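Working notes, structure below.
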Amino acid sequence: MTVKPLLAALLVLPQLAFAATVSGKLTSGGGIDNRSITVTLAGGDKIEVYCPAVCDEKMFVTDKDDVADLRKRYKGKQVVLSYRPEKNNGRLAGPGEDDIELFATKLVFVR
């Protein structure tokens, strides 16, 4: 395989090239139309990802204006998060169908 076809494949399927798994503390989350979470790594870096298929709706409390916030009992919990950039494909309100966003693929709470 030459470099050009390989580069083209990486541009078409970025989620295969840039998937990641991190460990850290679940520090925040919520949203209005879309649910996201933020994981803070040991060095202080933060990863914010959308989690429509991974986060349980029970993780959030919603106020009278339909604004969701991560429940207090989940804040500060140690987690392992797998995520990757993917096309929106209608999962999120706001971004276009072809917009690339970070999506959680797996969330595990560490005891």
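A short reminder: the numbers here are calculations on the coordinates, not readings from a lab. Everything numeric here is computed off the predicted structure, so don't read it as measured data. Positions of Cβ are generated from backbone atoms using ideal geometry, with glycine treated the same way; all protein chains shown enter the neighbour counts.
Given R0 = 30 Å, the distance between the Cβ atoms of LYS77 and ILE32 translates into a calculated FRET efficiency of 0.80. Return, ordered by residue number, the residues of the range 39-54 whose backbone nitrogen is under 14 Å from a label point located 7 Å along Cα→Cβ of PHE18. Within reach of a label on PHE18, which here means backbone N under 14 Å from a point 7 Å along Cα→Cβ, the range 39-54 contributes 48-50.
If you stretched the chain out fully between VAL67 and GLU97, how much longer would it get, using 0.36 nm times the residue separation minus the C-alpha to C-alpha distance? Could the numbers behind the result be given before it?
Values: separation 30, 0.36 × 30 = 10.80 nm, distance 2.35 nm.
Computed gain between VAL67 and GLU97 is 8.5 nm.
Ratio of Rg to Rh for the range 18-109: 0.96 [Cα atoms; Kirkwood radius as inverse mean 1/r over pairs]. How high is the FRET efficiency between ARG111 and LEU41 when r is their beta carbon distance and R₀ equals 22 Å, given to the nearest 0.05? The formula returns an efficiency of 0.70 here. A cut-off of 5 Å between modelled amide H atoms, ignoring neighbours fewer than 5 places along the same chain, links ARG71 with PHE60, VAL61.
Within the same chain, lysines fewer than 8 places from LYS46 are excluded, and of the rest, those with a Cα less than 30 Å from its Cα are LYS25, LYS58, LYS64, LYS72, LYS75, LYS77, LYS87, LYS106.
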